[in-house]
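Visitor: Take a look at the following structure, please.
The values are calculated or read from the model by the stated rules, or taken from the named source; none is laboratory data. Keep in mind it's a predicted model, so treat the numbers as computed, not measured. All Cβ positions, glycine included, derive from the backbone under ideal geometry; neighbour counts span all protein chains shown. Just so you know, the surface numbers come from the protein's heavy atoms only, side chains and all, with ligands and any DNA or RNA stripped out. Shrake-Rupley method; radii C 1.70, N 1.55, O 1.52, S 1.80 Å.
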Amino acid sequence: MNENVHRESTASEPQDRVTELIEQQTAISEVLRAIANSPHDLQPIFDAILDSATRLCRADSGALRLSEEGGLRLVAVRGDPFLVSQVWSLIPVLAEKGSLPDRLAASRLPTHIPDFTAVEGDLRDDFCITVVNAGLRTGLFVPLLKDNEIVGIISLGRKQVQPFTDKQISLFRDFAAQATIALESTRLERQYREAQMALARANRVATMGQLTASIAHEVNQPITAAVTYALAARRFLSANPPNFREVDDALSLIVKEGNRAGEVVERVRALFKKVPARKDAVAIDDAILEVIALTRTEAANNSVSVRTQFAEGLPRVQGDRVQLQQVMLNLIVNAIQSMSGDEDGNRELQISIDAVPSEGGVRVGVRDTGPGLSPESLSRLFEPFYTTKPEGMGIGLSICRSIIEAHGGRLWAIPCEPQGALFQFTIPAD
């Protein structure tokens, strides 16, 4: 009988090992999926890491603290619901300098505490006593390090005195390394996005600076009209008898022109604002018409005629209205400037929008009759800091492509015959 039991035990060991490896691989896949799906949000990544670590290491709870000036802040707890509620309610959210987690992190080495009630000496502080009161008996702590700098600490806990095995400790260290990678990749991604937003705003400011005369003209027109209507209203009032109907009409026109001036200012303010990107349902034709209105005087000053060809029944697109208007602003200003040096040609700017059911969205086109695109410039057109204009920064088209791709669309350019260029981009429908 003993021999049969031994044979059955020996036979089951490979199967148990295979099952264990599958569980580990599944857990790692879940963490990697969370990292891929949440490039800007760490919380789902932390939750996935703690869920996988607590399950594979047979722990009752897992916690993550991140380093800040005052100590280590608790940012995520997962596991047994009752134990998690105890942790959040009893254990301090901020483990201050000198506390147990801070000293364990400072060691830069994994620390295994088989029994919190048996801890003696310096480690048995108020924090340790609170951990015991919260219902934890066994703990495992692994510091998170970046270039040997402490960025946080991740821990597992058990309600019973049950030390972790060497295999479980090694496995948990792997999860801690993944948490560090997730932190660093998200930090770098955030820095990149902030730098890109700063460049995009600088590009908007530069472009709007070029349109200063156009903006001044757009604001001045309704103001001049409002003054004219006000003078007319005074004349109607001074008539004998006063013509109140004409006065009322004049006052209505003053209100209309005042609103028009306010709308121009608001559009300019929106383009200058430093605001985070947002995704809303955008009427793309209305958004583009506002940009055309802002650039109308610039086009007139350069003898450029503007034609629009908008399809009917266009679907709304999902995106950031200001960012999409920035793309149009860049493309229109570039088109006008490309035609400014053409002394004899017919300067015409055509802006089109049509639905593209095959791509599930709309396609916007900006076509000019300028000198067109050379093969060299066509291949490098969207490279950062590449420009064919002496005063250009070379970031406008690069930012435009980044914005469109962030919206799930495409931006490209093609030369036109006999002259000119066509820039097109697609945006998915809402």
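Every residue, every condition in (1) touching a Ser or Thr at 6+ places or on another chain (Cβ under 7 Å); (2) farther than 13 Å from residue 419 by Cβ; (3) aliphatic (A, V, I, L, M); (4) modelled with pLDDT under 85, yes or no:
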{"position": "311", "(1), (2), (3), (4)": "no, yes, yes, no"}
{"position": "335", "(1), (2), (3), (4)": "no, no, yes, no"}
{"position": "339", "(1), (2), (3), (4)": "yes, no, yes, yes"}
{"position": "342", "(1), (2), (3), (4)": "no, no, no, yes"}
{"position": "353", "(1), (2), (3), (4)": "no, yes, yes, no"}
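Visitor: Which of the numbered conditions does residue 154 fail, given that it passes all the others? Conditions: (1) within 30 Å of the chain's Cα centre (by Cα); (2) open to solvent by 60 Å² or more (accessible area, probe 1.4 Å); (3) modelled with pLDDT of 85 or more.
Guide: Failed condition: (2).
Visitor: Can you tell me which residue among 47, 51 is in a helix (DSSP H, G or I), farther than 20 Å from residue 138 by Cβ and at pLDDT 80 or above?
Guide: Only one candidate passes the filter, namely 47.
Visitor: Could you please find all residues in the stretch 348-370 being of a type outside the set (A, V, I, L, M) and within 28 Å of the chain's Cα centre (by Cα)? Please lay out each step first, then the result.
Guide: Taking the stretch 348-370 as the starting set, the residues that turn out to be of a type outside the set (A, V, I, L, M) are 348, 350, 352, 354, 357-361, 363, 365, 367-370.
Scanning the stretch 348-370 gives 354, 357, 358, 359, 360, 361, 363, 365.
Visitor: In this structure, is residue 244 at pLDDT 80 or above and loosely packed, with under 14 Cβ neighbours inside 10 Å?
Guide: On the way: at pLDDT 80 or above: yes; loosely packed, with under 14 Cβ neighbours inside 10 Å: yes.
The answer is yes for residue 244.
Visitor: Among (1) modelled with pLDDT under 75; (2) closer than 28 Å to residue 315 by Cβ, which single condition is residue 219 missing?
Guide: Exception for residue 219: condition (2).
Visitor: Here is a follow-up. Is it true that some residue in the stretch 361-373 is of a type in the set (Ser, Thr, Tyr), without any contact (Cβ under 8 Å) to a residue 60 or more places away in the chain and surrounded by fewer than 21 Cβ atoms within 10 Å (Cβ to Cβ)?
Guide: Our first condition is that a residue be of a type in the set (Ser, Thr, Tyr); within the stretch 361-373, this holds for 369.
Checking which are without any contact (Cβ under 8 Å) to a residue 60 or more places away in the chain leaves us with 369.
Those still in the list that are surrounded by fewer than 21 Cβ atoms within 10 Å (Cβ to Cβ) too: none.
Checked against the condition, which is being of a type in the set (Ser, Thr, Tyr), without any contact (Cβ under 8 Å) to a residue 60 or more places away in the chain and surrounded by fewer than 21 Cβ atoms within 10 Å (Cβ to Cβ), the stretch 361-373 yields no hits at all.
Visitor: Could you list, in sequence order, all residues of the stretch 290-328 that are in a strand (DSSP E or B) and open to solvent by 80 Å² or more (accessible area, probe 1.4 Å)? It would help to see each step written out before you state the result.
Guide: So in the stretch 290-328, the residues in a strand (DSSP E or B) come out as 305-310, 317-319.
Selection gives 307, 309.
Visitor: Residue check, residue 134 against (1) open to solvent by less than 10 Å² (accessible area, probe 1.4 Å); (2) within 36 Å of the chain's Cα centre (by Cα), all met but one. Which one?
Guide: (2)
Visitor: Right, next: Applying the selection to the stretch 375-402, what residues are at pLDDT 75 or above and of a type outside the set (A, V, I, L, M)?
Guide: 398, 400, 401, 402
Visitor: Okay, moving on. Return only the number of the condition from (1) outside any strand (DSSP E or B); (2) buried (at least 18 other Cβ atoms within 10 Å of the Cβ); (3) among the small types (Gly, Ala, Ser) that residue 95 does not satisfy.
Guide: (1)
Visitor: In the stretch 123-138, what count of residues is obtained for those that are under 25 Å from residue 69 (Cα atoms) and either hydroxyl-bearing (Ser, Thr, Tyr) or at pLDDT 90 or above (or both)? Let's see the steps before the verdict.
Guide: First, the residues of the stretch 123-138 that are under 25 Å from residue 69 (Cα atoms): 123-131.
Still in the running and either hydroxyl-bearing (Ser, Thr, Tyr) or at pLDDT 90 or above (or both): 130.
Number satisfying all stated conditions: 1.
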